[in-house]
1. What is the extension gain from LYS83 to ALA59, computed as 0.36 nm multiplied by their sequence separation minus the C-alpha to C-alpha distance, in nm to one decimal?
2. How long are the semi-axes of the ellipsoid equivalent to the chain, from square roots of 5 times the Cα gyration tensor eigenvalues, in whole Å, largest first?
3. Using the beta-carbon distance between LEU102 and ALA4 and R0 = 22 Å, what value does 1/(1 + (r/R0)^6) give for FRET efficiency, to the nearest 0.05?
4. Per residue of the chain, what 222 nm ellipticity follows from adding -39500 (n - 2.57) for every DSSP H run with n ≥ 4, rounded to the nearest 500?
5. Using a basic spin-label model with each label point 7 Å from the Cα along Cα→Cβ, how many nm lie between THR41 and ARG21?
6. Using a/c under 1.5 as the rounded threshold, could you call segment 65-116 rounded, prolate or oblate? The axes a ≥ b ≥ c are square roots of the C-alpha gyration tensor eigenvalues, and prolate needs a/b larger than b/c, oblate otherwise.
7. Could you order the peptides 33-44, 90-101, 57-68 from most to least packed, using the average number of other C-beta atoms within 10 Å per residue?
Amino acid sequence: MAAASENLTASQGKALTVLRRGPAAMRTLAEAMTCDASNMTGIIDRLEKRGLVRREACASDRRVKNVILTAEGERVTDAIRAKMRTTRAGLDRLSGEDRDALYALLERVFVSLPAA
């Protein structure tokens, strides 16, 4: 939900979070996110189109493209992280019984959703 608040998919949000640690090669990103390299390319294409990341050739191997967060990408990533911390803090305030009830309700909601 935090990524969606920034008009991003969960995969795009996760990619930004990985990149917040520092630049990464496309292959490294795909491995970190346990996804296919071709899927990673699509994710990065969409993030680049929004101005959140940029690609640049690796200095030691020009065939390798490193992905780097832009200043806007850093801002969006920080906003997503802040929303996640707020959500976590709210959940931490619930009693164990309330968390169990919430989990049961969410499970009923998601079980009833049609398969994507």
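Quick note: the coordinates plus some simple rules give every number you see, no bench work behind them. Given the structure is predicted, the values throughout are model-derived calculations rather than measurements. Ideal geometry is used to build each Cβ from the backbone, glycine not excepted, and the neighbour counts take in all protein chains shown.
1. 5.1 nm
2. For the chain, the ellipsoid semi-axes come out as 33, 17, 12 Å.
3. Once the sixth-power term is evaluated, E becomes 0.70.
4. Calculated from helices alone, the mean residue ellipticity at 222 nm is -19000 deg cm²/dmol.
5. The two pseudo-label positions are separated by 2.5 nm.
6. Cα axes put segment 65-116 in the oblate bin.
7. So the peptides 33-44, 90-101, 57-68, ranked by packing, come out 33-44, 57-68, 90-101.
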